[in-house]
Amino acid sequence: MTRPITAGVDGSQESLAALAWAGREAVRRGRALRVVHAWRYEPHEAVEGDRQTQAGWVRDAVDAGVRTVSGRYADLEVTTDIVEGDVVDTLTAAAAESEMLVLGSRGHGRVVGFLLGSVGQQVIAETARPVVLVRSGDRAATEVDGREIVVGQEGEAEDSAAALGFAFETAAARGATVRAVRAWTLPPVFAYSPGSLKLLDEAGGPEPYEKKALADALQPWRERFPDVPVVEQVEMGSAGQVLLSVSGRAQLMVVGRRARRTAVGARIGSVAHGVLHHAECPVAVVPPA
C-alpha cells in the first residue's frame, strides 16, 4: 500500500504553509495528500453554536485551505479527515498511516498551533514516521534556487540511517544536493576506551576518524542514489550549532530523533529541539528505523 503524505491543519498561517509544502511534496513523490484536522466541541457561553454548527465552521475552514491546494494541482488526490478528539492521538494515528506528517511551526521561540506546549513534542516523540515542521514564511521558490538538503549524521552508520535515507530520497525527488554534516567535540581523555583509542590512532587523529565515519555512513546511500550530488562536512563544535550555521543554504534540514519520557511527558533530543526552534528552513525529524 502506498502511504499518503499527511498535513495537519488548524487554521493558522503556519499550518496553511505546511499544507502547501505537503501538496508540493506529494506531487513530487507521486503520493496522495491527506489533510487532517482535530477539534473539540466547546459547549460553553464563550463559544456560540451547538456541536453541529461548530462542526460546520470547522469543515468550512478546512475546505477553504484544501481548495487552494486542489486548485493548484489538478491531478493530486486529496482526502480530508476532520476528527473530533484529542489532537495528539489524532495526529499520531494519522502519522502511522502516512509517508510523513507535515505540521506548521513558528520557530524562533515559542511554537504555536499543533506545537503549542507539549503537543508537538509528544507527536514527534511518539510517532514512528518522519514529521516535517514548516513556517508560515515558507515559499516554493526556496526549493528550486539551488538550496541543499542538509542532514545531520552522528554515531555509527546505523544510528543515522533513517535520516540519511529520508534526505537522499527527498534530494532525488527534487534534483537537489545533499549536504551531510557531522559535528564532533573532544571528550575527556578518560571517556575513550582502549578500542576507541586504537581506532583514533589508526585513523591519524580525531578529525580523520570523524571524516571516515561520515564517509562510511554515506557509502550505501551514495550507491543507492548515484545521481544525487553529495557534500561532506565535518566540523568541530556542537551538532546543533554546526547544523544551524548552514541552515541558510538549506531548503530542508533533516535530523534524527532521540526521544525520552519524563514525568511531564515525551521529550525530543536537544539537537532536534534547537534546530526546530531556530533553523531558517523546514525541518524533518526522522525517528530511527
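No lab work stands behind these numbers, since they all come straight from the coordinates. Note that the structure is predicted; figures quoted are calculated from it, not measured. Reconstructed Cβ throughout: ideal geometry from the backbone, glycine too, with neighbour counts over all protein chains shown.
Miscellaneous remarks
- Amide H contacts of ALA7 (H built 1.01 Å from N, in plane; Pro and chain starts excluded): ARG34, VAL35, VAL36, VAL102 sit under 5 Å, all sequence-distant by 5 or more or on other chains.
- Cα-based shape type of the stretch 207-262, given that a ≥ b ≥ c are square roots of the gyration tensor eigenvalues and the cut on a/c is 1.5: rounded
- In nm, spacing of pseudo-spin labels at VAL144 and ASP227 (7 Å Cα→C-beta vector): 1.8
- Karplus-derived 3J(HN,Hα), 6.51/-1.76/1.60, for each residue of the stretch 84-90, Hz, glycine and proline x: 8, x, 5, 5, 4, 4, 5
- Computed from backbone phi with θ = phi - 60° and the Karplus coefficients 6.51, -1.76 and 1.60, the 3J(HN,Hα) list for the stretch 225-235 is 10, x, 8, 8, x, 10, 10, 9, 10, 10, 9 Hz; x is used for glycine and proline.
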